[in-house]
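The values are calculated or read from the model by the stated rules, or taken from the named source; none is laboratory data. Not measured: the values here are computed from a predicted model. As a convention, Cβ positions derive from the backbone with ideal geometry for all residues, glycine included, and neighbour counts pool all protein chains shown.
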Amino acid sequence: MARVLRAKSTEFKLFAPRAKQVSIAGNFNNWDAKGISAKRDTKGNWSVKLGLKPGKYEYKFLVDGSWLTDPHCSSFISNAFGTQNCLLEVK
């Protein structure tokens, strides 16, 4: 019998106190920059929780229209634009 992979709650955080809008995009949502908006707290921390199944995911933040890698990310992978995406493995 095949094992069912359950989605795990995965939180993404970014400190950007001057940002007006922050979203996250990656291969988990076909890089749809408008699909997943982060919420800002009173200290300028933006966060969003996603349910991701075990696997490897590439992602970036979109901050006021500019792509930004996660400063907490420790693994990167080159992309087709000559820059890098963050690489996250959900176990």
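Look at (1) loosely packed, with under 12 Cβ neighbours inside 10 Å; (2) part of a strand (DSSP E or B) and you find that PHE81 fails only one, number (2).
The rows are residues; the columns are (1) in contact with a strand residue (DSSP E or B) (Cβ under 9 Å, 6 or more places away or on another chain); (2) surrounded by 14 or more Cβ atoms within 10 Å (Cβ to Cβ); (3) in contact (Cβ under 8 Å) with a residue 40 or more places away in the chain; (4) not in a loop (DSSP other than H, G, I, E, B).
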| residue | (1), (2), (3), (4) |
| --- | --- |
| THR10 | yes, yes, yes, yes |
| ALA19 | yes, yes, yes, no |
| PHE28 | yes, yes, no, no |
| LYS34 | yes, no, no, no |
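Put simply, of GLY55, GLY65 the only residue that is within 18 Å of LYS8 (Cα to Cα) and of a type in the set (Gly, Ala, Ser) is GLY55.
For THR42, the test of being in a loop (DSSP other than H, G, I, E, B) and either of a type outside the set (A, V, I, L, M) or surrounded by 15 or more Cβ atoms within 10 Å (Cβ to Cβ) (or both) is passed. For LYS56, the conditions (1) part of a strand (DSSP E or B); (2) modelled with pLDDT under 95; (3) of a type in the set (Lys, Arg) all hold with the exception of (2). Within this structure, PHE61 passes the test of being part of a strand (DSSP E or B) and surrounded by 13 or more Cβ atoms within 10 Å (Cβ to Cβ). Among the residues in segment 50-57, are any of a type in the set (Phe, Trp, Tyr), farther than 12 Å from LEU87 by Cα and free of Cβ contacts under 8 Å to residues at least 40 places away in the same chain? No, that holds for no residue.
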